[in-house]
Amino acid sequence: MTADHLYTGIAQLVSPSGSGASRGLAMNELEIHEHAAIAVTGDRISWMGRAADWAGRATHTTDLGGRAVVPALVDSHTHIVWAGDRLADFEARASNVPYEQILAAGGGIRRTMEQTAAATVEELVQFAAPRAHALIRGGAGTIEIKSGYGFTAEAELAALEAIQRLAEQIPANVVPTLLIHVPPREASQRPAYLDMVTTTLIPEATRRRTARAVDVFIERESFTTDDARIIFAAARAHGLAVKAHVDQFHAIGGVELAIEFGAISVDHLEVSGRSQVEALAASTTVGTILPGVTLHLGIPAAPGRALIDAGAAVAVATDCNPGSSPLFSPQLAMAYAVRLNGLTPAEALTAGTANAAAALDRDDIGRLRVGMRADLLVLASADWRDLPYTLGGSPIDRMILGGREYSS
Ligand code: NIG
Ligand code: FE
């Protein structure tokens with residue numbers, strides 16, 4: 001065969017085993033080729049194996065000099081399209097003012113919504129672009145981006161348009177999600193708001209193809225399970241996938257409802273207990289842990305260890321957003337999942353690649369396989385474990401995204 005590019009001199013070529021979401025202890029299973037090479041043709045992996053077995057020709061060859069190569073990370077949960085800042089919240093939180101109290105008083109997420117409402121689509125793209133590049137430098141080959149800082153259908157559709165424009169100018173894959181984030185403060189306006197979501201916003205986002213999934217923040221200070229049921233039914237009726245923010249502060253039935261709707265993922269899970277863990281283990285829904293939130297808000301760590309021991313599929317993501325997780329590195333999210341959520345290094349790698357891809361319903365990313373996208377991380381060292389080990393400095397030497405070298 002003739003490939004566009006052969007990368008050789010790979011000390012360890014490492015990928016999660018299996019296909020789809022890896023569940024339970026299978027999350028520890030990695031395929032490791034030593035003294036390996038990988039060939040890229042167009043934007044796909046066209047060959048991989050022991051370097052000595054390569055018998056093809058390549059237009060370009062690069063000797064990586066004994067480095068480890070893993071799949072580019074999949075950041076399956078971010079909110080990077082926002083305007084303004086939450087630095088006052090940060091100071092208040094440092095004086096122990098609860099996140100939910102800030103939200104209930106009209107601040108927090110609602111403050112970001114006010115600031116975002118004042119920005120044009122062009123400005124939103126400008127604000128989001130450096131955040132996307134930071135995530136890419138932190139290892140992301142794919143970034144899910146949620147809307148959710150708009151009060152109106154127009155504002156939400158504008159955020160989805162900003163996500164689409166951003167996707168055209170960055171080398172990472174972008175997966176857009178419509179997030180139904182917080183209801184109007186006045187209870188009397190909630191029915192009209194839900195009506196707007198189901199009869200205008202979801203149909204229009206579907207028509208424009210600017211969202212692949214609908215996410216709902218199910219929480220005491222936000223949407224009830226009754227509200228979410230209405231929104232999920234509309235999402236499914238329009239052929240969109242379902243995801244949810246659940247059990248961040250209170251376990252009010254979000255996990256169970258999302259599973260009932262066949263959600264591709266439920267995210268947060270900081271206060272999930274035994275029954276939610278068992279429900280997830282018995283479902284096909286991926287449980288996504290967000291250690292940046294635990295660190296930044298000082299709330300409990302999601303039960304990553306218990307979920308895996310029970311047989312669930314666990315993913316990890318940054319939740320990059322201004323209020324609960326200003327974390328701009330999926331590599332660090334993975335590293336924190338080992339320290340805060342009790343994952344092994346191998347489970348963290350699977351959580352940040354193959355399982356995060358499953359949380360986005362994507363089967364072309366997150367593993368190294370012939371035919372899959374050539375989204376690769378070349379580490380600075382010969383041992384893949386430096387990726388979940390390193391805190392602060394970057395263990396990444398270079399990235400290949402869609403078969404092309406990424407330069408920031
Ligand atoms: O995933 N919990 C709700 N939504 C986001 C936070 C957004 C914000 O604080 O601006 C989250 O934590
Ligand atoms: Fe979030």
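The values are calculated or read from the model by the stated rules, or taken from the named source; none is laboratory data. All values reported here derive from a predicted model rather than from experimental measurement. With ideal geometry, Cβ positions are generated from the backbone for all residues, glycine too; neighbour counts draw on all protein chains shown. Please note that ligands, DNA and RNA were not included when accessible areas were found on the heavy atoms of the full protein model with its side chains. Shrake-Rupley method; radii C 1.70, N 1.55, O 1.52, S 1.80 Å.
Restricted to Cα atoms, the chain shows a radius of gyration and a Dmax of 20.7, 70 angstrom. Quick check: from the Cα gyration tensor, does segment 321-408 come out rounded (a/c under 1.5), prolate or oblate? Rounded shape, in that the Cα axes give a/c under 1.5.
Between residue 123 and residue 192, what is the FRET efficiency for a Förster distance of 41 Å, r being their Cβ-Cβ separation, to the nearest 0.05?
Computed FRET efficiency for residue 123 and residue 192: 0.90.
Modelled spin-label separation between residue 408 and residue 151, with each label point placed 7 Å from Cα along the Cα-to-Cβ direction: 3.6 nm. Here the Karplus relation 6.51 cos²θ - 1.76 cosθ + 1.60, evaluated at θ = phi - 60°, turns the backbone of segment 127-137 into coupling constants of 5, 7, 4, x, 5, 5, 5, 4, 5, 5, 4 Hz, with x for every Gly and Pro. Placing one equal scatterer on every Cα of segment 218-319 and applying the Debye formula, the log10 ratio I(q)/I(0) at q = 0.10 Å⁻¹ is -0.24. Basic side chains Lys and Arg get +1 at the Cβ, acidic Asp and Glu get -1 at the Cβ, and with that the dipole of segment 250-371 about its Cα centre reaches some 340 debye. Taking all protein chains as they are arranged and a probe of 1.4 Å, the heavy atoms of residue 195 leave approximately 80 Å² accessible to solvent. When the convex hull of its Cα atoms is viewed from all sides, segment 360-408 shows a mean projected area of 4.5 nm². In this structure the amide hydrogen of residue 179, modeled in the peptide plane, comes within under 5 Å of the amide hydrogens of 147, 148, 215, none closer than 5 places in sequence on its chain. When the P(r) of segment 123-281 is calculated, the portion above 23 Å amounts to 40% of the C-alpha pairs.
Add +1 for every Lys or Arg and -1 for every Asp or Glu among the other residues with Cβ under 15 Å from the Cβ of residue 215, and state the total. Charge balance near residue 215 sits at -4. Diffusion coefficient of segment 4-116 by Stokes-Einstein, Kirkwood radius over Cα pairs, 10 °C, 1.306 mPa s: 86 µm²/s. In the context of the full set of protein chains, residues of the chain present 37 Å² of accessible surface per residue (probe radius 1.4 Å, heavy atoms only).
The HN-Hα couplings worked out from phi for segment 51-63 by the Karplus form 6.51 cos²θ - 1.76 cosθ + 1.60 (θ = phi - 60°) are 4, 5, 8, 5, 10, x, 10, 9, 4, 10, 10, 10, 8 Hz, whole numbers, x standing for Gly and Pro. Rg and Dmax of segment 178-256, based on Cα coordinates, read 12.0, 35 Å.
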